[in-house]
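Enquirer: Below you will find the structure I want to go over with you.
The values are calculated or read from the model by the stated rules, or taken from the named source; none is laboratory data. Fair warning: this is a prediction, and the values are worked out from it, not measured in the lab. Ideal geometry is used to build each Cβ from the backbone, glycine not excepted, and the neighbour counts take in all protein chains shown.
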Amino acid sequence: MQMLRFLLVAACGCLLMIFCAVALDSPPVSIATVPATLRIATFDVDATPPIGSMMAYDPVTNRWDLGLRARGIVLLGAGEPIVLCAVDWIGIANEGHDAFQTALARAAGTSPQRVAVHSLHQHDAPDCDFSAEQILKSGGLDPRQYESGFQRQVIARLETALREALPRAQPVTHLGLGTAKVEKVASNRRILGPDGKVRDTRWTATTDPKVRAEPEGVIDPMVSLVSFWNGDQPVAVLSYYATHPQSYYRTGLPNPDFPGIARFFRQLAVPAALPIHFNGAGGNIGAGKYNDGAPENRVVLAERLADGMRRAWENTKREPIVASEVSWRIESVALPPAKYLDQAKLEAQLQARNPKFAVEGNASKLAWLRRCQAGHKIDLACLGLGRARILHLPGEAFVEYQLAAKAARPDLFVAVAAYGDYAPWYIGTAIAYEQGGYETTPPASNVAPEVEGVILTAMRKLLQLPP
């Protein structure tokens, strides 16, 4: 009905234009449709914090050869510009996420709801939550990792880089889609016992050989590549793979870990195109089966992921694409806050200036609760590109959401980027909250088991809508 009304209004507008032209003895007005030209601009800035600043867990003591990046694309010509951005940080939450969206939207000349910002979740990396920072400072507490001076500098750099990239936008004539299986990287973190409860957690670095020997479990082994082409030249390559990105961390050296190294390898192999990597729904996925934490495993995991990316690139099929085949849709949802979260208790800890309040991440939890109370909603988004659909999810969503999305539309190429607004933290499935385990036991998840129904309903709406 809404589309019918839109078409009727558009038709009336065209008739009015013709009538006015005739009445004013103007030259005839052509109502032929001129196809919009699809274009793409890329941007890339350094997002590595300076020595002495605070990362998620530790202060920066030195620099590594590879720094952290914040990079993305702007799609132009399909209505208001669409912006996708991936950042090598552990998480971007609450008003921090809002600030990223607002700044990038301002630079692109679009709405914040048409901007998707995701972190890759590396642990030797900054955290970002302006709401938590404000709460801690208002209570006279040290904002620690939420001190936002550097984070705001990166936002300003991104805004400038995006604005300067727009005049250099290139035409997009073809879309490339490819997938491949990644061998011996991802494994499920949650090992269930005979009673159906979590018996062991296989951390991203697992020293116990018996736990490493457990089967891979439920994962999505596929890496998905989406590339944009100007004729025969690739301009940008977006990759999607679901796993925690840690090999080892708490080194004091900000680094992009093995996904960042894999991305660098692919940039060396295809220098004409900017590689942009997104972490999929990897909340319950890690490399623990294949990683005991030995430093040499970082490059081993990077090479395996890069090999999957290479084969997905070789498997890529290019097809023409026009602006009318690009769509952007959102479903704004109210995620149910976790029942264990007690706002009055958190407010009391803040008033008492309890040092644990800052250390345990309670400021971010309180910010999340306050936003929920105020009616704040989180946008789930879907980018349509011809026969491809790219879903954008918040938090550390479990891989089951990604698998459900792919199963819902086997006729389409479906990829998933999670770790959008980081405020919910872990987003498990309903049964996972009954099974126990780290991810769904307080204080790791800020949402209730009912979150499954909310997200699945929104995903189905986004995936079932026509392009």
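Enquirer: Leu175 versus (1) touching a residue at least 24 places away in the same chain (Cβ under 8 Å); (2) closer than 28 Å to Lys377 by Cα; (3) not acidic (Asp, Glu): which is the lone unmet condition?
Expert: (2)
Enquirer: May I ask you to say which residue of Ala262, Ala294 is buried (at least 16 other Cβ atoms within 10 Å of the Cβ), modelled with pLDDT of 95 or more and not in a strand (DSSP E or B)? Please lay out each step first, then the result.
Expert: On the way: Ala294 fails: buried (at least 16 other Cβ atoms within 10 Å of the Cβ).
The unique qualifying residue is Ala262.
Enquirer: Output the qualifying pairs, or none if there are none: Cβ atoms under 9 angstrom, residues six or more apart or on different chains, first residue in the stretch 344-356 and on the phi > 0 side of the Ramachandran plot, second residue surrounded by 11 or more Cβ atoms within 10 Å (Cβ to Cβ).
Expert: As it stands, the answer is Arg353/Gly139; Arg353/Leu141, since those pairs meet every condition given.
Enquirer: Of everything in the stretch 302-333 that's among the hydroxyl-bearing types (Ser, Thr, Tyr) and part of a strand (DSSP E or B), which residue is surrounded by the fewest Cβ atoms within 10 Å (Cβ to Cβ)?
Expert: Keep residues of the stretch 302-333 that are among the hydroxyl-bearing types (Ser, Thr, Tyr), which gives 316, 324, 327, 332.
From what's left, part of a strand (DSSP E or B): 327, 332.
Numbers: Ser327: 16, Ser332: 12.
The residue in question is Ser332.
Enquirer: What number goes with the only condition from (1) out of contact with any Lys or Arg (no Cβ under 8 Å at 6 or more places or on another chain); (2) crowded, with 19+ Cβ neighbours inside 10 Å; (3) of a type outside the set (A, V, I, L, M, F, W, C) that Gln153 does not pass?
Expert: (2)
Enquirer: With respect to Glu439, determine if the residue is modelled with pLDDT of 95 or more, in contact with a Lys or Arg (Cβ under 9 Å, 6 or more places away or on another chain), under 19 Å from Gly282 (Cα atoms) and acidic (Asp, Glu).
Expert: On the way: modelled with pLDDT of 95 or more: yes; in contact with a Lys or Arg (Cβ under 9 Å, 6 or more places away or on another chain): yes; under 19 Å from Gly282 (Cα atoms): yes; acidic (Asp, Glu): yes.
Yes, satisfied.
Enquirer: Looking only at the stretch 414-433, which residues are at negative phi and not in a strand (DSSP E or B)? Show your work before the answer.
Expert: Applying the first criterion (at negative phi) to the stretch 414-433 yields 414-418, 420-424, 426-433.
Residues satisfying the conditions are Ala418, Gly420, Tyr422, Ala423, Pro424, Gly428, Thr429, Ala430, Ile431, Ala432, Tyr433.
Enquirer: State the number of residues belonging to the stretch 247-292 that are over 17 Å from the mean Cα position of the chain (by Cα) and β-branched (Val, Ile, Thr).
Expert: Matching residues across the stretch 247-292 total 3.
Enquirer: Further, regarding this structure: Given the criterion assigned to a helix (DSSP H, G or I), touching a Phe, Trp or Tyr at 6+ places or on another chain (Cβ under 6 Å) and surrounded by 17 or more Cβ atoms within 10 Å (Cβ to Cβ), identify the matching residue among Leu158, Leu162. Steps first, answer last, please.
Expert: Values: Leu158 fails: touching a Phe, Trp or Tyr at 6+ places or on another chain (Cβ under 6 Å).
None of the other options fit; the residue is Leu162.
Enquirer: Another question about this same structure. Considering only residues of the stretch 208-230 that are assigned to a loop (DSSP other than H, G, I, E, B) and more than 25 Å from the chain's Cα centre (by Cα), which is surrounded by the most Cβ atoms within 10 Å (Cβ to Cβ)?
Expert: By that ranking, first place goes to Glu214.
Enquirer: Tally up the residues in the stretch 434-467 that are assigned to a helix (DSSP H, G or I), surrounded by 21 or more Cβ atoms within 10 Å (Cβ to Cβ) and of a type outside the set (A, V, I, L, M, F, W, C), please.
Expert: 3
Enquirer: On the basis of being buried (at least 24 other Cβ atoms within 10 Å of the Cβ), modelled with pLDDT of 95 or more and in a loop (DSSP other than H, G, I, E, B), does Pro394 make the cut? Talk me through it step by step, then tell me what you get.
Expert: On the way: buried (at least 24 other Cβ atoms within 10 Å of the Cβ): yes; modelled with pLDDT of 95 or more: yes; in a loop (DSSP other than H, G, I, E, B): yes.
Judged against the criteria, Pro394 is a match.
Enquirer: Can you go through Gly196, Gly178 and tell me which one is in contact with a helix residue (DSSP H, G or I) (Cβ under 9 Å, 6 or more places away or on another chain), crowded, with 18+ Cβ neighbours inside 10 Å and either part of a helix (DSSP H, G or I) or modelled with pLDDT of 95 or more (or both)? Reasoning before the result, please.
Expert: Working: Gly196 fails: crowded, with 18+ Cβ neighbours inside 10 Å.
Answer to the check: Gly178.
Enquirer: Which pairs turn up if I take residues in the stretch 302-324 that are modelled with pLDDT under 95 and look for partners that are part of a helix (DSSP H, G or I) and not aromatic (Phe, Trp, Tyr) with beta carbon separation below 7 Å, at least 6 apart in sequence or on another chain?
Expert: So the pair list comes out empty.
Enquirer: What's the number of the only condition in (1) free of Cβ contacts under 8 Å to residues at least 12 places away in the same chain; (2) closer than 25 Å to Arg389 by Cα that Gly193 fails to meet?
Expert: Gly193 satisfies every listed condition except (2).
Enquirer: Would a scan of the stretch 231-246 turn up a residue that is part of a helix (DSSP H, G or I), within 20 Å of the chain's Cα centre (by Cα) and buried (at least 24 other Cβ atoms within 10 Å of the Cβ)? Let's see the steps before the verdict.
Expert: Applying the first criterion (part of a helix (DSSP H, G or I)) to the stretch 231-246 yields none.
No, the conditions are met nowhere in the stretch 231-246.
Enquirer: Here is a further query. Within the stretch 368-421, which residues are farther than 26 Å from Pro443 by Cβ and within 14 Å of the chain's Cα centre (by Cα)? Please lay out each step first, then the result.
Expert: From the stretch 368-421, those farther than 26 Å from Pro443 by Cβ are 381-391, 403-415; that's our starting set.
Ala381, Cys382, Leu383, Ile390, Leu391, Ala415, listed by residue number.
Enquirer: Can you spot a residue in the stretch 129-148 that is aromatic (Phe, Trp, Tyr) and over 26 Å from Thr251 (Cβ atoms)?
Expert: First, the residues of the stretch 129-148 that are aromatic (Phe, Trp, Tyr): 130, 146.
Restricting the remaining residues to those that are over 26 Å from Thr251 (Cβ atoms) gives 130.
So far as the stretch 129-148 goes, yes, one or more of its residues are aromatic (Phe, Trp, Tyr) and over 26 Å from Thr251 (Cβ atoms).
Enquirer: Let me ask something additional. Mind counting the residues in the stretch 334-375 that are of a type in the set (Ser, Thr, Tyr) and surrounded by 16 or more Cβ atoms within 10 Å (Cβ to Cβ)? Can you show your working first?
Expert: Narrowing the stretch 334-375 to residues of a type in the set (Ser, Thr, Tyr): 340, 364.
Those still in the list that are surrounded by 16 or more Cβ atoms within 10 Å (Cβ to Cβ) too: 364.
Here the count works out to 1.
Enquirer: Here's something else I'd like to know. Which of the residues belonging to the stretch 441-456 are polar (S, T, N, Q) and touching a residue at least 40 places away in the same chain (Cβ under 8 Å)?
Expert: Selection gives Ser445, Asn446.
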